[in-house]
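Okay, so here's the structure we're looking at.
The values are calculated or read from the model by the stated rules, or taken from the named source; none is laboratory data. As the structure is a prediction and not an experimental result, all values here were calculated from the model. Cβ coordinates were reconstructed from backbone atoms using ideal geometry, including for glycine residues, and neighbour counts include every protein chain displayed. Heads up: the accessible areas ignore ligands, DNA and RNA and are worked out on the full protein's heavy atoms, side chains in. Shrake-Rupley method; radii C 1.70, N 1.55, O 1.52, S 1.80 Å.
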Amino acid sequence: MDSQEVDTALGRLRIRSRGEPGREAIVFWPSLLMTGDMWAAQADHFGTDRRVILVDPPGHGGSEQLTAPFTFDQCAQCIVDVLDELGVPSAHFVGNSWGGMIGGTFAARLPGRIGRAVLMNCTASAAARRQKLEYGLLLRMATLFGGIRPPLTRSVLKAFLGPTTLRTRPDVVAFVRATVESVDVRSAAWAVRSVVPERPDQRALLSQVTTPVLVVAGAEDATFPNVETKAMADAIPGAGFVVLDGVAHLAGLENPSLVNTLIEDFVFGR
């Protein structure tokens, strides 16, 4: 894949793209603590016939470190900045967790720049007190330890991966462990703060979405209960909703063939 850095509203972002310019484009934005690498199977599947764009989100992977909190509107502007740099008038969008949340913002604020959207393992609600406390404790401990290390890694694995993946997909477990343990905690802490305790309730905003949207939940997702993800779908006019068995919070990574088929059918099947 081609790799480049793009100046955006939240600093330089590393993006990787595959596929010829001018082809139908699809942007992938991952979860907190993940990079664009979590979409490698999707890039392989869709990159032959379409233009695939993988984003390392602000403060993660090869993107510039964060030094302050941000808003979801700024994240949506980052997507615009990437599309403008690549000369892409509009693109489909697939996001996971953080990516799913700001994909909703992007669809509501900039309907002319988005085609169809698949929003996975995400929420439109503000964070509950328990989630704020859990992530706050994780960050404090990670800062004390100089990074996310065992036993903190186990807490993240339980939040991101369900029993099926933990039991039967050792390659996924190893990938998530390695990615999480490579995170720059000082930088990622700003993202966690912005996406967890300070995230807005977007249900009213999402009522303005006009693009076709599919909201996806993992049956084993411990981070966002299915009822919470369903509430997000209910807030978006005409949105579809599906629960995937055997996956948790990182569905595209845990069962890529299932997710590729879902994206193919909803985004490109039409």
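Residue count for the stretch 236-255 satisfying the condition of being within 12 Å of N96 (Cα to Cα) and not in a helix (DSSP H, G or I): 3. On the given criteria, is A233 in a helix (DSSP H, G or I), open to solvent by less than 20 Å² (accessible area, probe 1.4 Å) and at pLDDT 95 or above? Yes; evaluated as a whole, the condition is true for this residue. In the stretch 126-144 there is no residue that is within 14 Å of M232 (Cβ to Cβ), outside any helix (DSSP H, G or I) and at pLDDT 95 or above. Taking the stated definitions as given, is L13 in a strand (DSSP E or B), closer than 23 Å to A248 by Cβ, modelled with pLDDT of 95 or more and among the aliphatic types (A, V, I, L, M)? Here the answer is no, as L13 does not meet what is asked.
Checking V52, V82 one by one, the residue that is touching a strand residue (DSSP E or B) at 6+ places or on another chain (Cβ under 7 Å), open to solvent by less than 10 Å² (accessible area, probe 1.4 Å), over 22 Å from E264 (Cβ atoms) and of a type outside the set (F, W, Y) is V82 and no other. Determine whether R177 is in contact (Cβ under 8 Å) with a residue 12 or more places away in the chain, open to solvent by 10 Å² or more (accessible area, probe 1.4 Å), basic (K, R) and closer than 27 Å to G59 by Cα. Yes; evaluated as a whole, the condition is true for this residue. V215 passes every criterion in (1) in a helix (DSSP H, G or I); (2) of a type in the set (A, V, I, L, M, F, W, C); (3) touching a Phe, Trp or Tyr at 6+ places or on another chain (Cβ under 6 Å) apart from (1).
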